[in-house]
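The values are calculated or read from the model by the stated rules, or taken from the named source; none is laboratory data. Model, not experiment: these values are computed from the prediction. Here the Cβ is made from the backbone with ideal geometry for all residues, glycine too, and neighbour counts use every protein chain on show. SASA here: full protein model, heavy atoms, side chains in, ligands and nucleic acids out. Shrake-Rupley method; radii C 1.70, N 1.55, O 1.52, S 1.80 Å.
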Amino acid sequence: MQITSGTVVTIDYTLTDDQQRVIDTSEGGEPLTYLHGVGQLIAGLEKELEGKAAGAAFQVTISPEEGYGLRDDAKMAMIPLDRIDGAEDLQVGAQLSAMKDGMEQVVTVTKIENGIVTIDGNHPLAGVALHFDVTVRGVREATTDEIDHGHVHGPGHEHH
Ligand code: ZN
């Protein structure tokens, strides 16, 4: 059976960046099971998986445009420390929720200097080329319930 919209796919994967640093991997854990065609994976990876069958193994590099997007400097901001709640405990690398245009947004603290905090609303993987090493472990047809719900049911996937 081939991977197409409306199939449930199980993959093992390792994701590395340009410096061969491992960003994420299923090795040593559970393989990833997802519903294909509803945007649960980044677009570039779904496109590459389309048409593959169980047993297929491949490597693919996905550009930031088809991954987590390009970096946007407009998503960075500098805020005086005294305007942030709990500022005394703040550390570089911390993630905060911020309200922007009425939407909650997760931002990362990238610098604290001279009473000014620099925050970055870009996804941590924005602007990063993603190198995937993927093995397809299984493909099955999704049930009508799974398609209605837009997610996979079964062991390890609590129904909600
Ligand atoms: Zn459900």
(message) Defining a contact as two alpha carbons under 8 Å apart and six or more residues distant in sequence, what relative contact order in percent does segment 73-120 show?
(response) 42 percent
(request) Lys and Arg at +1, Asp and Glu at -1: add these up for the other residues within a Cβ distance under 11 Å of residue 10 and post the number. (result) 0
(message) Taking the Cα centroid of segment 27-46 and of segment 96-110, what is the distance between the two, rounded to the nearest whole Å?
(response) 26 Å
(message) So for segment 1-109, averaging the separation of alpha carbon pairs under 8 Å that are six or more residues apart and normalising by length, what relative contact order in percent results?
(response) 19 percent
(request) Would you mind getting me the FRET efficiency between residue 100 and residue 70? Use the beta-carbon distance for r and R0 = 25 Å, nearest 0.05. (result) 0.85
(request) Give me the percent of the accessible area of the chain that comes from carbon and sulfur atoms, probe 1.4 Å, all protein chains in place. (result) 48 percent
(request) Using only Cα atoms, figure out Rg for the chain and give it as a multiple of 2.2 N^0.38 Å. (result) 1.28
(request) Using a 1.4 angstrom probe, figure out how much accessible area the chain has per residue, in square angstrom, rounded to the nearest whole. (result) 62 Å²
(message) In whole Hz and in residue order, list the ³J(HN,Hα) couplings for segment 26-33 that follow from phi through the Karplus curve 6.51 cos²θ - 1.76 cosθ + 1.60, θ = phi - 60°; x for Gly and Pro.
(response) 8, 4, x, x, 8, x, 8, 10
(message) In whole Hz and in residue order, list the ³J(HN,Hα) couplings for segment 101-117 that follow from phi through the Karplus curve 6.51 cos²θ - 1.76 cosθ + 1.60, θ = phi - 60°; x for Gly and Pro.
(response) 6, x, 10, 7, 9, 8, 10, 10, 6, 10, 7, 10, 7, 6, x, 10, 9
(request) Take the Cα atoms of segment 73-120, build their convex hull, and give its volume per residue in Å³. (result) 75 Å³
(request) Using just the helices of the chain, give the 222 nm mean residue ellipticity in deg cm²/dmol: DSSP H runs with n ≥ 4 each add -39,500 (n - 2.57), and the total is spread over all residues, rounded to 500. (result) -2000 deg cm²/dmol
(message) Applying a 10 Å radius around every beta-carbon, put 20-31, 48-59, 5-16, 119-130 in order of their mean neighbour count, most first.
(response) 5-16, 119-130, 48-59, 20-31
